[in-house]
């Protein structure tokens, strides 16, 4: 009589991959410090970019949401309208 192999249930591939990464991050020593440095640099970089380059343009130029929406719609569709006018032989 042959031995009967019991079927063991293995976790899905997603659970095994997740556990692999969690185990890897738990055992990190130098990597943990490097991740902290990377995160601090990203926070500083995005804070500086937000302050100096992404100012509240719409909030300062327009008073109502409708004016802001009209401006954004005009800016998004203007290049497409100009391109279609040129392709039909028209002028800007």
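The values are calculated or read from the model by the stated rules, or taken from the named source; none is laboratory data. What you are looking at is a predicted structure, and each value in this text was computed from that prediction instead of being measured. Cβ sites come from the backbone with ideal geometry, for glycine too, and all protein chains shown count toward neighbours.
Numerical summary
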item: Residue count for region 68-92, restricted to those that are touching a helix residue (DSSP H, G or I) at 6+ places or on another chain (Cβ under 6 Å) and either assigned to a helix (DSSP H, G or I) or surrounded by 10 or more Cβ atoms within 10 Å (Cβ to Cβ) (or both); result: 1
item: Residue in region 48-55 that is at pLDDT 85 or above, within 23 Å of residue 75 (Cα to Cα) and assigned to a loop (DSSP other than H, G, I, E, B) present; result: no
item: Region 39-67, residues that are more than 24 Å from the chain's Cα centre (by Cα) and surrounded by 10 or more Cβ atoms within 10 Å (Cβ to Cβ); result: 61, 62, 67
